[in-house]
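Q: One structure is given below, represented as structure tokens, and several questions about it will come after.
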Amino acid sequence: MPLTLTPWEASRLPRESDLEALTELAALAAELSDHPWVLLTRQAGDTAMPLTRHGLSPERAARIARALVPDGAAAIEGVASHVGVPLPRDSGQADTLWVLSPEPRRPDALTRQRLGGLARLAAGLLDTHQHLEESRRAATRQTQLLEAIKRASATGFCLLNANGEILDLNEEAARFLDLPQETLIGIDPVSLTLSSEAERIRRLLGACLEHGLRVRGHWPLLAGDGALRVAEVSVERLRLDDEAYLFCVIADKTLERLDETLRDAKAHTLREVTLENALPEILSSIGGAIDYHRPGAGVLITHVHDGALDIEFASAPELLGGGCPAPEANQRQPAFYDEATTPFSLASGCCAIQADYRAWWRYPLLSEDRRRVLGDLWVLVEESVRPAPAEDNFLTSLAQTAAFAMERQDQFEALRERAEVDPLTGLANRSQLAEALEVPRGTRPPALILIDLDDFKAVNDTHGHQAGDAVLVAVAERLRGSLRDGDTIARLGGDEFLVVIPGTSAENAQQIADKLLEALSPPVPWQGEALRVTPSLGVILAEAEEPPGRLLQRVDEAMYRAKRAGKGRVHAELL
């Protein structure tokens, strides 16, 4: 019946492809010894198993091998004689070369000597095979160990050849770069860095390869999603089989760099807010921080201001557009749009952009109490992606910083308006007049027109202060409608108004005063009543470098001369 080897016995045998030389050796042993059957066996404990055979079927060879003992005769069915020669193995394994015959035979001394030579040759073949197998297993174990380390390591690493190309890398390195492992094999990692950093990094790698220097530094690397990753890279040279390689260990320092960039942007913003600089200048550090982290992205910061949507910062000219009506400001959470679903003009309320962006990320700028949307921070990217969690946190913090700056600027502007603008009429007040009254040397002096409303007290006494306020507001509107944008109109208090006409002639000043008298003379309608006040106007032409106090004194005197001459008059002192 067939004899089946146990799994342990089978594992101890050389592979069949490795036994061809032993098979030929067994045939030679049969010829030299004049024995038709040959077995090469391996003793394992109290049993033996065939390594190779000649003249025997596998089943019969296995049965005979189990019955053979190296140092004594054994009754084996069908075998009349057998001679065994131990193999001198380096490993000490009990292998034996057997010649067998169904007829009684006794090899002579020469035959035994030849069998001994064949046994030594077989031992050499088996020892060589064993050494090769051990080397193969060791290499396999090393490969498996390296693969296990690559999989288990929380640190990224890669191996570069002498040309600086990636030969191998682990999953963590590929994950860091947000690229598939197979696409990174064979590329030059310097191609992934910023152009401004490429030459520096290439010099470091060259020094390490040529001189064996161990180098360490921070590399900015562009990931597959277009964002910048910052790696702390340690590089050392390895020599394998007389070939030089570079082994790189990669530690992710992106979060640390984002935190550092965020701190710098906040410090710059706070400093610029404290100096009360213009909002676009304040927001420039936020745009710069985003540009460093995601090169090529567009940055747009909008501001809901005076009923319009102003663009306070744009990273590129193609992002600038005309003024747009302010949209409904109710979006209080970040939103992410794709060109395939939502055009930028529809998402933002801004004009269409002339650039090749595929996605836009919106971060609302909320007031400190989170009740008002002050504007939006827009990041426009060339890939159809969403920000990773770390980048999302970074952009959210930058949006909060921009909102802080925007709200403080709005507050400063409101304070300035209260300090410089008359709250009832919206005209300038006395504190805003100083600059308009300055007459620098070599410039054409301005004309001043002081207006006083006769009978204004009677309107207040008869109809109440609301009626008086309506008259003052109407006068302010008529003055605005009669003057140029460059002219200054101020309410000095009560029913007095001052107009400053820069760089004008005496003739033009007189014409403007007459025009204002005509505009202010009609009554003011109020709740079915016609409220009539009569203006008196004094006009002067300033002299070069004349002090503001002297100017106000002279125009006041001119106005009182108009009053004394009768209501509804202009008195001009222009010579």
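The values are calculated or read from the model by the stated rules, or taken from the named source; none is laboratory data. Please read all numbers here as calculations on a predicted model, not as lab measurements. Positions of Cβ are generated from backbone atoms using ideal geometry, with glycine treated the same way; all protein chains shown enter the neighbour counts.
Q: Could you list, in sequence order, all residues of the range 394-441 that are of a type outside the set (A, V, I, L, M), under 30 Å from residue 363 (Cα atoms) and touching a helix residue (DSSP H, G or I) at 6+ places or on another chain (Cβ under 8 Å)?
A: Those that are of a type outside the set (A, V, I, L, M), under 30 Å from residue 363 (Cα atoms) and touching a helix residue (DSSP H, G or I) at 6+ places or on another chain (Cβ under 8 Å): 394, 397, 401, 404, 408, 409.
Q: Hey, any hits in the range 240-251 for a residue that's out of contact with any Asp or Glu (no Cβ under 8 Å at 6 or more places or on another chain), part of a loop (DSSP other than H, G, I, E, B) and assigned by TED's automatic domain parsing to the domain that holds residue 403?
A: No, that holds for no residue.
Q: Would you mind listing the helices (runs of 4 or more DSSP H) fully within the range 99-186 where at least 1 residues are modelled with pLDDT of 85 or more and assigned by TED's automatic domain parsing to the domain that holds residue 206?
A: Filter on the range 99-186 gives 171-177, 181-184.
Q: Please go through the range 407-452 and pick out each residue that is part of a loop (DSSP other than H, G, I, E, B) and under 20 Å from residue 507 (Cα atoms).
A: Across the range 407-452, the qualifying residues are 439, 443, 444, 445, 446.
Q: Pick from the range 86-141 the residues that are buried (at least 18 other Cβ atoms within 10 Å of the Cβ) and among the small types (Gly, Ala, Ser): which of them is farthest from residue 48 (Cα to Cα)?
A: This residue is 101.
Q: Checking the conditions here, which among 538, 549, 503, 481 is assigned to a loop (DSSP other than H, G, I, E, B), in the same structural domain as residue 441 (by TED's automatic domain parsing) and not charged (D, E, K, R)?
A: Only one candidate qualifies: 503.
Q: What tally of residues in the range 503-559 results from selecting those that are surrounded by 17 or more Cβ atoms within 10 Å (Cβ to Cβ), out of contact with any strand residue (DSSP E or B) (no Cβ under 8 Å at 6 or more places or on another chain) and of a type in the set (Gly, Ala, Ser)?
A: Residues meeting the conditions: 0.
Q: A follow-up question, please. Do the conditions hold for residue 277, that is, is it at pLDDT below 70, over 22 Å from the mean Cα position of the chain (by Cα) and surrounded by fewer than 17 Cβ atoms within 10 Å (Cβ to Cβ)?
A: Taking the combined requirement at face value, the residue does not satisfy it.
Q: Let me ask another. Suppose we filter the range 510-535 for residues that are charged (D, E, K, R) and assigned to a helix (DSSP H, G or I); how many remain?
A: Matching residues across the range 510-535 total 3.
Q: So residue 207 passes all but one of these: (1) among the hydrophobic types (A, V, I, L, M, F, W, C); (2) in a helix (DSSP H, G or I); (3) at pLDDT below 90. Which condition number does it fail?
A: Answer for residue 207: the failing condition is (3).
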